[in-house]
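Single-structure report; data block below.
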Amino acid sequence: MLPSIRVESWEDWTRIYRDVSVWRGLIDAICARERIGYGQLRAASENTNAVFLLDRAFALKIYSPFWDEFELERRLLEALSSKEQIPASELVGCGRIADGAGVSWPYVITRYCEARPFSEIREELPEHDAASLAAQLGRIVRRLHSLDVGRFANAATARAWDDVVLERRRSSVSELPAAGVLGDNLESSVEAMLDDAIAAERPASRVVVHGDLGADHVLCSPSDGGWRIEALIDFGDAKIGVREYEWMPVWMGFCAGDPTLARAFLGAYDPSLLDDRGFPMRAVAWTLLHDFGADELIRQWRELGRTGPIETVEEFLALLCPASIVG
């Protein structure tokens, strides 16, 4: 008999989503359906969905009930399986399965990749190897953004994008002052900057964005004479949105605030951005409009040990897209 998995709040979810004993019955039913066997089962370390590794051969993601991520990630993984120049984990199986209470749980199974996340190797790499990987990522992201968006965009993706943008517009300018990151005198200027970015955005210019290209989601392996990117993983935060939405996790996560890596990324993605004086302002705006941009900015601010809030737009630019990158 399949287990009944009760999740009525985020607190419920955080208590159980990595607990193998809670999910084993459902996992075994999924594996039986997909004709996959395993000997060892363990929870993945960093996720907000329930992700389990099967013998280091497969990764099984069971989606939380709090976000509607499954359909777009499934369609992207299916499409990318034939795109060699956009490396992604191979999709092995997907679907929905009901637990003992009749609750339907969407899932995907991908082939496990043995390559190492960039976060593990960044400190040990020579500068030229790190820059090479940043440039590779720039070229891959350019190809991702060049996908035929009509294959993926629909009413649900448009609604998801609008919901994120409107929610972040409402919340970010209140969250940052409350955390001591934004000075009160800057609120009106930041609000105007966000409104300008939203007003300039056009549905016709939207692209497929991964949404979370931090260092943990870029898997790398050594190759002849250097390193190469083997796979981008976790498209759960993917959106049909503006390309600048990609900047925040790349700058704060993959590049970890290193202008050399950021220039290598942008130079490979679109060299014209290195001379685009408007890009830093767009980068700041879409950092604050990113689904978890404010959280990342607050975390970074605290890690830097800053003692006072940001008081000028120029400070935002220096922090999120410094002059050593663009200009």
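The values are calculated or read from the model by the stated rules, or taken from the named source; none is laboratory data. The model shown is predicted, which means the values in this text are computed figures rather than measured ones. When we count neighbours, we look across all protein chains shown, and the Cβ atoms used for this are built from the backbone with ideal geometry, even at glycine. Protein only, heavy atoms only, side chains kept; ligands, DNA and RNA dropped before computing areas. Shrake-Rupley method; radii C 1.70, N 1.55, O 1.52, S 1.80 Å.
So here's what we get for this one:
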item	result
Scope the range 207-237; condition more than 27 Å from residue 50 (Cβ to Cβ), touching a residue at least 60 places away in the same chain (Cβ under 8 Å) and either open to solvent by 30 Å² or more (accessible area, probe 1.4 Å) or not small (Gly, Ala, Ser) (or both); matching residues	207, 227, 228
Filter pass, residue 30 being more than 26 Å from residue 151 (Cβ to Cβ) and part of a loop (DSSP other than H, G, I, E, B)	no
Residue match in the range 81-90 (condition: surrounded by fewer than 17 Cβ atoms within 10 Å (Cβ to Cβ), modelled with pLDDT of 95 or more and either under 18 Å from the mean Cα position of the chain (by Cα) or not hydroxyl-bearing (Ser, Thr, Tyr) (or both))	no
Qualifying residue in the range 229-244 (condition: farther than 17 Å from residue 282 by Cα and assigned to a helix (DSSP H, G or I))	no
Residue ranges of helices (runs of 4 or more DSSP H) in the range 256-327 with at least 1 members open to solvent by 10 Å² or more (accessible area, probe 1.4 Å) and acidic (Asp, Glu)	293-303, 313-320
Count - residues of the range 91-109 that are open to solvent by 20 Å² or more (accessible area, probe 1.4 Å) and touching a residue at least 60 places away in the same chain (Cβ under 8 Å)	4
The listed residue being open to solvent by 30 Å² or more (accessible area, probe 1.4 Å) and in contact (Cβ under 8 Å) with a residue 12 or more places away in the chain, out of 66, 52	66
Count of the range 234-263 residues which are farther than 14 Å from residue 322 by Cα and of a type outside the set (Val, Ile, Thr)	14
Positions within the range 39-59 being within 18 Å of the chain's Cα centre (by Cα) and part of a strand (DSSP E or B), in sequence order	50, 51, 59
